[in-house]
Amino acid sequence: MAPARVNAEKQDADDELEMKVEKYSRGKGADLKALRDKKLKGQLAVKEKLYGQSAKAAAKAEKWLMPSEEGFLEPDNLEKTYRFPQESIVKEVDILSSRKPFDMILPVLGPYTIEYTSNGRYMLVGGRKGHLAMMDMLNMDLIKEFQVRETVHDVAFLHNEQMYAVAQKKYPYIYNQHGVEIHCLKEHGKALKLQFLPKHFLLASINSFGQLHYQDVSTGEMIANYRTGLGRTDVMRVNPYNAVIGLGHADGKVTMWKPTSVKPLVTMLCHHGPVTAVAFDRGGHLMATAGVDFDRGGHLMATAGVDSKIKIWDLRKYEVIKSYAAPAQSLDFSQKGLLACSNGSQVEIYRDFGGHDYRLYMKHRMMKGYQFGKVLFRPYEDILGIGHSMGLSSILVPGSGEPNFDTFIDNPMETTKQKREKEIHALLDKLPPDTIMLNPNFIATVRAPKKKEKKTKKEIEEEMEEAIEATKNTEHKKTKGRSKPSKRAKKKEEDVFRAKRPFLEQSKEVEGRPDKKQRIGEGVELPKALQRFSKKPQS
C-alpha cells in the first residue's frame, strides 16, 4: 500500500504543478509542422522551449516561494458580494485582521489626506488645517503628532519613513520622523500635489500656476521645471511601472511627463470636462522576482471626470476598456488589481473577473454628511484607507493586497540594520532621470537604425570634399578636337559641379532653407485668380 500511496501523492503533485504551468503559459504554441522554412522553424522551436521553461520556473516559484494565496469574497447562490456590510466581514475574519478596520473621528481639522510607505507599515496623515501625524500600523502606535498652523494640501513619504514631504500653504517642507523641519523647498512654490519616485530619488510637485518640478532629494539639485500650459490642476499620479507622471487637467486632458522632456510624452482627451482623478495599476511588478512578467502591470489607467464617468484605459493602445456612468473624487488600484472609487460618503470597489471585465465587488457607505477625500489601498494588507472630512477610516477589502512579499524589496518587519542597508543599496542603485520613458524595456537595448537618418552638416561637407577629390583625379580619354586645355578645364569644372550638386541640396535640407528658384506651379498651389499666369506643363 505504501508504494501506491507514494505514487498517488506524486501524481497529485504533478497534476497541481501542471495546472500552475498552464496558468503561466502564453497560450497555444505555434504549429511548427506546417512551416516549411527551416530557419524560422528552428527559431520558433527555441522560443517555445524558453516559454515552457519560464512557465515551469514561475509555477515552481509560486509553489515554494509564494505559499500564501489571496482570498476573495465568495457569494452563495443569489448573494451579491457588494451587499456584505463591514460588520459581517469583521465577524468572519481572524482576531488580528478584525483589529485593523477603524474609524478615527477628527471633525475639527479635516478633511484628511493619507499616504503609506512602500511596505505598508507606516501611515502619514495630513489634515487641511495643519494637523500632521505618523502612525505605525503594525503595532497601532502613534509615532509623532504636531500642528504646523497653516494649510496642508498633500503629504508624501520619501525613500522610507525617516523623511516625508508636506505641501503647505506657501512651500513644500521636508520633515524627519520626529517632526523636525529639515528643508524648505521654496523653488516649488505653492505645491498642490506631491509624488515621490523611489528608484530615482526624485520629488515631483505641481503648483498652483501649473508648473511641474522635479527635485533630487539625495543631492538637493533641481532637475527640471516645466510649465504645463494647461492651467491649475491638483490631479497628479505617478505610474509605478515606468515612473512617468500623469496629470489631469481642466479641459479633460491627461498628460504624461518625464523630467528630460519639455513637452508631454502623451496627451489624451479622456473626458468632456475637468478630470477629477487619475490612477495607474501597480500590479505585476511585484511578481518580477519570481521570474514572471505580467502584462497587466503598468498598462492600465483609470480616470474620472466631472462628466460623471469612470474610464479604464489600456495604455498600450490608448483605448477605453471599460466605462462606468458614475462620478469619483479619488481613484486607486490595489496590488491585485482592485479599483476603489470614492464619491460623497460612498466608496465602490471594482474587481477584474477576467479579460478586463471590471464589475462591482464591494460597497461601503458612511454617515450622511461625510465627504470622502483620498482613498488608498494599504500594501500587503487587505485594507483600504480613507481620508474624509470627519477624520480617517480603514475598511477590510478581501483579496486586495499581495499575500507574499519579498524581504529584499519590501519588508514590513525589517530591523534598523536592514533599513540602513536597504537605504545604502537604494542610493547605490539610484537611476538617472534619463532612464524614465514610456517603455522602460528599451533600456539596455541597441537602438535600431532609422531608414532615413539625416546627416550633420560636417558629415555632408566631408563627403563632398571626398567626391570632389575623386572627380579631379579621374582621367578622361583624349578625343580628337576636344582635348584643348580650355575645354579640359571647362569639362573638369562641370564634373566638379555635378559631384557637388547632391551634397548642396542635402545641406539646404539640414539648414531648413527651401530652394528659392522653385518654379511657380511646380508643387505650389496658387489661388484661382493667379492660376492662369502659371506655366503649363508641356504635353
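The values are calculated or read from the model by the stated rules, or taken from the named source; none is laboratory data. Computed from a prediction, not measured in an experiment: that's the story for all the values here. Positions of Cβ are generated from backbone atoms using ideal geometry, with glycine treated the same way; all protein chains shown enter the neighbour counts. Remember, those area values only see protein heavy atoms, side chains included, never the ligands or the DNA or RNA. Shrake-Rupley method; radii C 1.70, N 1.55, O 1.52, S 1.80 Å.
If V262 satisfies all but one of (1) among the hydrophobic types (A, V, I, L, M, F, W, C); (2) touching a Leu at 6+ places or on another chain (Cβ under 8 Å); (3) part of a loop (DSSP other than H, G, I, E, B), what's the number of the condition it fails? The failed condition is (2). When A340, A426, A328 are checked against the criterion of being closer than 26 Å to Y241 by Cβ, touching a Cys at 6+ places or on another chain (Cβ under 6 Å) and small (G, A, S), A328 stands alone in meeting it.
Summed over the range 491-539, residues that are at pLDDT 65 or above and under 19 Å from A467 (Cβ atoms) total 19. Among residues that are out of contact with any helix residue (DSSP H, G or I) (no Cβ under 6 Å at 6 or more places or on another chain), over 19 Å from K100 (Cβ atoms) and either basic (K, R) or assigned to a loop (DSSP other than H, G, I, E, B) (or both), G369 is included. Taking the range 299-340 and the strands (runs of 3 or more DSSP E) fully enclosed by it, the elements with 3 or more residues that are over 19 Å from N239 (Cα atoms) are at 319-324. Pick from the range 366-422 the residues that are open to solvent by 60 Å² or more (accessible area, probe 1.4 Å) and within 23 Å of the chain's Cα centre (by Cα): which of them is farthest from I105 (Cα to Cα)? Going through the qualifying residues, I end up with F408. Contact annotation: residue pairs with Cβ atoms under 8 Å, 6 or more positions apart or on different chains, pairing a residue in the range 297-324 that is on the phi > 0 side of the Ramachandran plot with a partner that is aromatic (F, W, Y) and not in a loop (DSSP other than H, G, I, E, B), are G298/F280.
Considering the conditions (1) in contact with a helix residue (DSSP H, G or I) (Cβ under 9 Å, 6 or more places away or on another chain); (2) open to solvent by 50 Å² or more (accessible area, probe 1.4 Å), K41 is excluded by exactly one of them, (1).
Among the residues of the range 200-246, the ones that are part of a loop (DSSP other than H, G, I, E, B) and over 22 Å from I182 (Cβ atoms) come to 16 in all. Is it fair to say F157 is over 26 Å from K193 (Cβ atoms) and either surrounded by 20 or more Cβ atoms within 10 Å (Cβ to Cβ) or touching a residue at least 60 places away in the same chain (Cβ under 8 Å) (or both)? For F157, the condition - over 26 Å from K193 (Cβ atoms) and either surrounded by 20 or more Cβ atoms within 10 Å (Cβ to Cβ) or touching a residue at least 60 places away in the same chain (Cβ under 8 Å) (or both) - is not met. Would you mind stating whether T219 is of a type outside the set (A, V, I, L, M) and modelled with pLDDT under 95? The answer is yes for T219.
Would you mind stating whether K263 is within 13 Å of T303 (Cβ to Cβ), open to solvent by 60 Å² or more (accessible area, probe 1.4 Å) and not hydroxyl-bearing (S, T, Y)?
Numbers: within 13 Å of T303 (Cβ to Cβ): no; open to solvent by 60 Å² or more (accessible area, probe 1.4 Å): yes; not hydroxyl-bearing (S, T, Y): yes.
When the stated conditions are applied, K263 does not pass them.
Remark: pairs (first residue in the range 237-263, touching a residue at least 60 places away in the same chain (Cβ under 8 Å); second residue of a type in the set (K, R); Cβ separation under 8 Å; 6+ apart in sequence or on different chains) = Y241/R282; A243/K199; A243/K258; V244/K258.
The sole residue among L203, L230, L192, L197 that is modelled with pLDDT of 95 or more and under 23 Å from V306 (Cα atoms) is L192. Against the conditions (1) under 20 Å from G127 (Cβ atoms); (2) in contact with a Ser or Thr (Cβ under 8 Å, 6 or more places away or on another chain), F201 satisfies every one except (1).
E79 meets all of the listed conditions (1) part of a loop (DSSP other than H, G, I, E, B); (2) open to solvent by less than 80 Å² (accessible area, probe 1.4 Å) but one, namely (2).
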